[in-house]
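Single-structure report; data block below.
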Amino acid sequence: MCLCPVSLNCISKEDAPEVFEEIRQRVAEGRWEAEGAMWLEADCNISSGESLVRQVLQGTRFFEKEFGVKNRVLWLPDVFGYSAALPQILQKSEIPYFMTTKISWNEYNKMPYDTFKWRGIDGTEVLTHFIPATDYQPVMKTHMTTYNGNLNPAQIKGAWHRYQQKNLNDEVLFSFGYGDGGGGSTAEMIENHRRLEQGIPGCPKTRMSTSRAFFEKLEKDVSDNRYLPTWSGELYLEYHRGTYTTMARNKKYNRKSEFLLENWEKLSSLHHFLLGGAYPQADLEQGWQLVLRNQFHDILPGSSIKEVYEDSREEYESLKAHGEACLEETRAQLTTAIELDQQSVVVYNLSGLTVSEVALVTLPELEPVELVDPDNGNLLPLQRLSNGQFAFFASNVPANGYKSFSIRPACAACAVFSADQQGIETPFFRVSFDEKMQFASIYDKQEQREVLKGAGNRLEVYEDRPHNHDAWDINIYYREHSWTVDELTSVKVIENGPVLCRIEVIRPFLSSTIGQVYTFYHDLPRIDIENDIDWKEEHILLKAAFPVDVHAEEATYEIQYGNVTRPCHSNTLWDAARFEVCAHKWADFSEDDYGVSMLNDCKFGHDIHDGVMRLTLLKCATYPNVDADRERHQFTYSIYPHSGSWKTAGTVAQAYGLNNPLTALYAPAQRGELPASLSAAAVDCDNLGVEVVKKAEDSEDLIVRVYEFCNRRTKARLTLPKNPKAVQLVNLLEHHQRALQPDENGFAFTIQPYEILTFKITF
């Protein structure tokens, strides 16, 4: 079966209105198929869970508005792996079908199915079909197929020959066109189809149709077939593993922009629904579309030419400047509306979980002061930093809201850390350094055990020369040539007080300089490593390694709206192929009652094998961008040893605290209409996160999105700052599913393991 779904290229109505109208006409005539579901063909490894939701939300709304088409197929032929969160996102966006072919590019293992049910981490399934287009080979020499078929007898016969489930289905999908990505059919292809449609000896017949018609017929034909298989979990691409790291700047911009937009939505919602302020819907939509556009699968992964990243830098910086200015203004307006009996510091937490973190604040010239925690009356010391700001530990700041700490005169000076080039002792750890300022030992004082089994924070460099696709790939043989960056330029303690201690370590490496600041806390059992790297190298892979004294056969990695486990060994070829994997804000390696989490604020490439946790920091390709990553990089990663599992230790909250730092503002004693502490939306269970608080797309209702991340069925309650009149459970497109019963300041609900729930709330 030969189909010809024509991809709708992004042609601006403003730039080419005549062309756009012709496209609209062809869609109306049924000559173009407007299908695909997403805003564009987005990366599905690095984009956040909410970004994937917005890709589908923006994409489907665009197709329906402009062409009157309700999408049913997610069409992603060339994306570099597919998150196990996608099936749920698709089904809750009214997208029941998924198509790709890229997994056929696997380096070592052939996917056993071309037609199957794909099951996500929550159990949701979508009907999936891989395009099997390839040249005919009597004996298959490669399992690779293409999304860019040539409609000729050799490939038509090859597609049917390559298709693995002829016992299940007698039709296959064949996408063709000229040029990478399918630039449209040629006259020769159309003539070939005319002849193949009639049938020629030894070759399957073809007919033109649409991808939707194919999937609808496929579903009807195979849905009740006992031979229809199921693939559970991620569709990991055994290829292009370098895209988790290449062009680090863009990956940092992306993560920071995702948090910026969600924070902007949350603060604007507080301002709009509590104080009647204007909601910046148009600005937010433009911001999301900018971020989504730069998540194209050859932009965000780092595989585009230099000029693309010059453009993206300008776009991201423009969004950052405008968004942060709006956030600052809205935060100030909210702060002036808070009722405060005395001068205070108001701490904002725009993460979806309650967070306890060190916050920074700028204060007017005051006598030595300290803060009072309103929850328990505890006195909190303030530490003046070298930049003039004050640091303090803010505990239990409510999700999506703020908490006020009153100011009072300081009673006494507080002790500082005992720290030097040999080591440091905190309330949680006794740390010693070797002569190279690597971590020789991290002794957990509370659990009375050593965390490391070798030098920690070892900076490892590897020769990185893939045999193909320079920016895209890391080949398994990269490990054969490696060195350790261990020379020292300088070591000094740059901050030391009652809240934190920072030790600066500067290292030379070839023509580059690697600056790191080790940060230790009085109230946080976490060690942050802030990096400032002036990088001038090429074809070198840089990793940070921590050999940990933990015994486990698998590690847990955060993905979009959940997490997955992956083996830490190479028992099978499937295991060995995952020598580099993608994770988001954290990865964890734990025994039954103890483990270590590795957090980061903008990195994605991970490697946890044989008891060594590695985070991939930089990859320095020269093609297609000769200057990729040869610039200054600033980022942070953290080590978080913990008792129990990552679930009980609060790893998720720690990761949010690192990625979405608390912000604090000074406020005088004042009258106001808002309470001293408040949350826009909070849940009463620590296995749930409130990721989204925003105004609805098409009404004055409030949208709240909650997700479960511990694989736990949960009865929960969501608390709101005012009484709701009505609550609806809606899908990710904000379409009604069923009504819920509100009560005073909230409502109760039940959530399934790894489920994403969206509520529309009317005040």
Query raised in the report: Within the bounds of the range 573-588, is there any residue that is under 14 Å from Asp549 (Cα atoms) and either out of contact with any Ser or Thr (no Cβ under 8 Å at 6 or more places or on another chain) or of a type outside the set (A, V, I, L, M) (or both)?
Result: yes
Requested in this report: Filter the range 124-167 down to the residues that are of a type in the set (Phe, Trp, Tyr) and free of Cβ contacts under 8 Å to residues at least 60 places away in the same chain, then identify the one that is farthest from Tyr754 (Cα to Cα).
Outcome: Tyr136
Report summary line: The correct count of residues that are buried (at least 18 other Cβ atoms within 10 Å of the Cβ) and either in contact with a Lys or Arg (Cβ under 7 Å, 6 or more places away or on another chain) or closer than 20 Å to His539 by Cβ (or both) in the range 486-500 is 1
Query raised in the report: Mind checking whether some residue in the range 34-49 is touching a helix residue (DSSP H, G or I) at 6+ places or on another chain (Cβ under 9 Å), outside any helix (DSSP H, G or I) and farther than 26 Å from Asn731 by Cβ?
Result: no
Requested in this report: Within the range 182-196, identify whether any single residue is at pLDDT below 95, touching an Asp or Glu at 6+ places or on another chain (Cβ under 8 Å) and not charged (D, E, K, R), and answer yes or no.
Outcome: no
Report task. May I ask you to list the residues in the range 562-582 that are in contact with a Lys or Arg (Cβ under 9 Å, 6 or more places away or on another chain) and closer than 23 Å to Lys256 by Cβ? Result -> Val581, Cys582
Query - Ser404 vs. criteria at pLDDT 95 or above and under 21 Å from Leu366 (Cβ atoms) - result: yes
Query - Qualifying positions in the range 413-426 - under 21 Å from Arg384 (Cβ atoms), in contact (Cβ under 8 Å) with a residue 40 or more places away in the chain and part of a loop (DSSP other than H, G, I, E, B) - result: Cys414, Ala415, Val416, Phe417, Thr426
Report task. Look at Leu524 and say whether it is assigned to a loop (DSSP other than H, G, I, E, B) and modelled with pLDDT of 95 or more. Result -> yes
Requested in this report: Mind checking which helices (runs of 4 or more DSSP H) fall wholly inside the range 194-300 and carry at least 1 residues that are hydroxyl-bearing (Ser, Thr, Tyr) and buried (at least 19 other Cβ atoms within 10 Å of the Cβ)?
Outcome: 211-222, 248-275
Requested in this report: Scan the range 357-386 residue by residue and report those that are outside any strand (DSSP E or B), under 23 Å from Gly650 (Cβ atoms) and either basic (Lys, Arg) or in contact (Cβ under 8 Å) with a residue 40 or more places away in the chain (or both).
Outcome: Pro374
Requested in this report: Taking Ser351 as meeting all but one of (1) closer than 30 Å to Thr651 by Cβ; (2) surrounded by fewer than 22 Cβ atoms within 10 Å (Cβ to Cβ); (3) among the small types (Gly, Ala, Ser), write down the number of the exception.
Outcome: (2)
Query raised in the report: Looking at Glu591, Glu554, which one is at pLDDT 95 or above, under 30 Å from Leu90 (Cα atoms) and surrounded by fewer than 24 Cβ atoms within 10 Å (Cβ to Cβ)?
Result: Glu554
Requested in this report: Among what's in the range 130-165 and is charged (D, E, K, R) and over 20 Å from Ser209 (Cα atoms), pick the residue that is surrounded by the most Cβ atoms within 10 Å (Cβ to Cβ).
Outcome: Arg162
Report task. Within the range 467-485, track down each residue that is surrounded by fewer than 20 Cβ atoms within 10 Å (Cβ to Cβ), part of a loop (DSSP other than H, G, I, E, B) and within 27 Å of the chain's Cα centre (by Cα). Result -> Asn468, His469, Asn475
Requested in this report: Scan the range 735-757 for residues that are in contact with a helix residue (DSSP H, G or I) (Cβ under 9 Å, 6 or more places away or on another chain) and either exposed (fewer than 13 other Cβ atoms within 10 Å of the Cβ) or among the hydroxyl-bearing types (Ser, Thr, Tyr) (or both) and report the count.
Outcome: 1
Query raised in the report: Just one of Thr362, Thr354, Thr330 is closer than 26 Å to Trp288 by Cβ, at pLDDT 95 or above and among the polar types (S, T, N, Q); which is it?
Result: Thr330
Query - One residue from Ala649, Ala655, Ala681, Ala676 being over 30 Å from Glu734 (Cβ atoms), surrounded by 20 or more Cβ atoms within 10 Å (Cβ to Cβ) and out of contact with any Cys (no Cβ under 7 Å at 6 or more places or on another chain) - result: Ala649
Report task. Kindly indicate whether Met99 is in contact (Cβ under 8 Å) with a residue 24 or more places away in the chain, aliphatic (A, V, I, L, M) and surrounded by fewer than 20 Cβ atoms within 10 Å (Cβ to Cβ). Result -> no
Report summary line: Those residues of the range 501-556 which are under 30 Å from Arg465 (Cβ atoms) and of a type in the set (Phe, Trp, Tyr) amount to Phe509, Trp535, Phe546
Query raised in the report: Out of curiosity, is Asn496 more than 30 Å from the chain's Cα centre (by Cα) and farther than 23 Å from Arg632 by Cα?
Result: yes
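The values are calculated or read from the model by the stated rules, or taken from the named source; none is laboratory data. What you see is a predicted model; the values in this text were computed from it and never measured. With ideal geometry, Cβ positions are generated from the backbone for all residues, glycine too; neighbour counts draw on all protein chains shown.
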